[in-house]
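*Asks:* Questions regarding the structure given below will be posed in turn.
Only the coordinates and a few stated rules stand behind these numbers; no lab work does. Fair warning: this is a prediction, and the values are worked out from it, not measured in the lab. With ideal geometry, Cβ positions are generated from the backbone for all residues, glycine too; neighbour counts draw on all protein chains shown.
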Amino acid sequence: MQLRPNRNIMTFEEIEFRVFSQWSEDGIIEWILQNLPVHPKTFIEFGVETFQEANTRFLIENRNWKGLVIDGSDENIRLLHSNKLYWMFDLTAVAEFIDRENINQIITRNGFAGELGILSIDIDGNDYWVLEAINCVNPIIIICEYNAILGDKYPITIPYDPSFSRLVAHHSGLYFGASIAAIKSLANRKGYKFLGTNSNGINAFFIRKDLFHYLEPLIGNRKAYPSKHRDSRDANGVLTYSPGLTRYELIKHLPIIRLDTGEKVPIESLGMLYSQEWLSEMSVNIL
């Protein structure tokens, strides 16, 4: 009721709220769905841990959707299976370590190939490469995590490693995923239009191009936000709360793939990764 269908907004920040999502995705998803015609009431989300905090749990409890959730931990999925949520709703939960070679098989084997309401990707690693590989579903909405520390100027991603682990790759936990420019470019190639990101600078939202006309006039600024979270760690795994550009300094020597050229280069070879707009929102002044 608070969101009201067809309400015009400037950015997603105006309609964010959190019930079960980690940040503010619940409000964004609800607003999008209120302004679309009939759509499949199905979702796939991976990287959900025990599903206590997830982008799609509000859909299960508020809209009675059907879903497939995937996590790499057997223990996480065991705990989800023992939760009363698992018998109350039509939820399939499987323990699988996802890579670009197996993702289509996992989805198809569990009966979710074809038309889909929402595909949500958050695996803190090969997000770009896995999204690129998915071809067995046709989602209305795609939600994909991006790594804002990689900036907004260049389409870049970590090199593909099927066994990638965020804290093994670098102790800070900041080296993972892809830039917002990389995710936007890939989504466009797959037939999706960018709608915006949550204001915490974590998840990007896309709508299939044939449905874009329902939302285009309602959003004044389809804005991508930088992040301000400070979840960096030292070599002993202790949080160090590194802010702003100090996060970039921790990982700048590591390699990335420039998707516009195909080159594998150190992050620092690109120079400044951030637009002036992002720098100002990060409270950084660069002359």
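*Asks:* Taking all pairs of distinct Cα atoms, average 1/r, flip it, and tell me the Kirkwood hydrodynamic radius of the range 91-197 in Å to one decimal place.
*Replies:* 14.5
*Asks:* Still on this model: Could you name the aspartates and glutamates in cross-link range of Lys184, using Cα to Cα under 14 Å and dropping any fewer than eight places away on the same chain?
*Replies:* Result set, ordered by chain and number: Asp127, Glu132, Glu145, Asp152, Asp260.
*Asks:* Roughly how many nanometres apart are two label points built 7 Å out from the Cα toward the Cβ at Glu249 and Phe212?
*Replies:* Going from the Glu249 label point to the Phe212 one covers 4.0 nm.
*Asks:* Rank Ala224, Gly47, Tyr274 by how far each Cα sits towards the positive end of the charge dipole of the chain (+1 on Lys, Arg Cβ; -1 on Asp, Glu Cβ) and give me just the farthest.
*Replies:* Ala224
*Asks:* Let me ask something else. Please list, in chain and number order, the residues 5+ apart from Ala93 or on another chain whose amide H is under 5 Å from its amide H, with Hs placed from the backbone.
*Replies:* Val69
*Asks:* Separate question: Pick out which of Leu68, Leu211, Leu59 has the largest mean-square fluctuation in a Gaussian network model of the chain, springs linking Cα atoms closer than 10 Å.
*Replies:* So, out of Leu68, Leu211, Leu59, the one fluctuating most is Leu211.
*Asks:* When only DSSP loop residues count, what GluC sites (Glu not before Pro) in the range 1-101 have their Cβ near at most 14 other Cβ atoms within 10 Å?
*Replies:* The qualifying sites are Glu53, Glu101.
*Asks:* For the chain, give the magnitude of the charge dipole about the Cα centre (Cβ charges: +1 Lys/Arg, -1 Asp/Glu; no others), in debye to the nearest 20.
*Replies:* Using Cβ point charges on Lys, Arg, Asp and Glu, the chain gives about 560 debye.
*Asks:* Could you derive backbone 3J(HN,Hα) for the range 129-142 from the dihedral phi with the Karplus parameters 6.51, -1.76 and 1.60 (θ = phi - 60°), listing whole Hz in sequence and x where the residue is Gly or Pro?
*Replies:* Result, rounded to whole Hz: 5, 5, 4, 4, 6, 5, 9, 9, 10, 10, x, 6, 10, 10.
*Asks:* Related question: Just in the range 33-94: which trypsin sites (Lys or Arg not before Pro) are loop by DSSP and have at most 13 other Cβ atoms within 10 Å?
*Replies:* For trypsin sites (Lys or Arg not before Pro) across the range 33-94 that sit outside H, G, I, E and B with at most 13 neighbouring Cβ atoms in 10 Å, the list reads Lys84.
*Asks:* Ok, one more. I'd like to know which of Phe194, Gly177, Leu215 lies farthest towards the positive end of the charge dipole of the range 129-287, counting +1 on Cβ of Lys and Arg and -1 on Cβ of Asp and Glu.
*Replies:* The Cα lying farthest towards the positive end belongs to Leu215.
*Asks:* Run the numbers for Asn104 and Leu239: contour at 0.36 nm per residue of separation, minus the present Cα-Cα distance, in nm.
*Replies:* So the chain would gain 45.0 nm between Asn104 and Leu239.
*Asks:* Once you have the Cα-Cα distance between Lys153 and Arg258, take 0.36 nm times their residue separation minus that, and quote the gain in nm to one decimal.
*Replies:* Going from the current span to full extension adds 36.7 nm.
*Asks:* Let me know the charge dipole size of the range 1-144 about its Cα centre in debye, to the nearest 20, where only the beta-carbon of Lys, Arg (+1) and Asp, Glu (-1) is charged.
*Replies:* Dipole about the Cα centre, nearest 20: 680 debye.
*Asks:* Mind listing the long-range amide H neighbours of Asn138? Cut-off is under 5 Å, sequence gap 5 or more, other chains count too, H placed in the peptide plane at 1.01 Å from N.
*Replies:* Those qualifying (amide H under 5 Å, at least 5 residues apart or on another chain) are Gly114, Glu115, Leu116.
*Asks:* Lys84: which lysines have alpha carbons under 26 Å from its alpha carbon, excluding same-chain residues fewer than 8 sequence positions away?
*Replies:* Within the straight-line cut-off, Lys84 pairs with Lys41, Lys66.
*Asks:* If you take every DSSP beta bridge whose two residues both sit in the range 12-281, what share of them, in percent to the nearest 5, is antiparallel?
*Replies:* Within the range 12-281, antiparallel bridges account for around 45 percent of the total.
*Asks:* Another question, if that's okay. With the radius of gyration and the Kirkwood radius both derived from the Cα set of the range 7-148, what is their ratio Rg to Rh?
*Replies:* Looking at the range 7-148, the ratio lands at 0.94.
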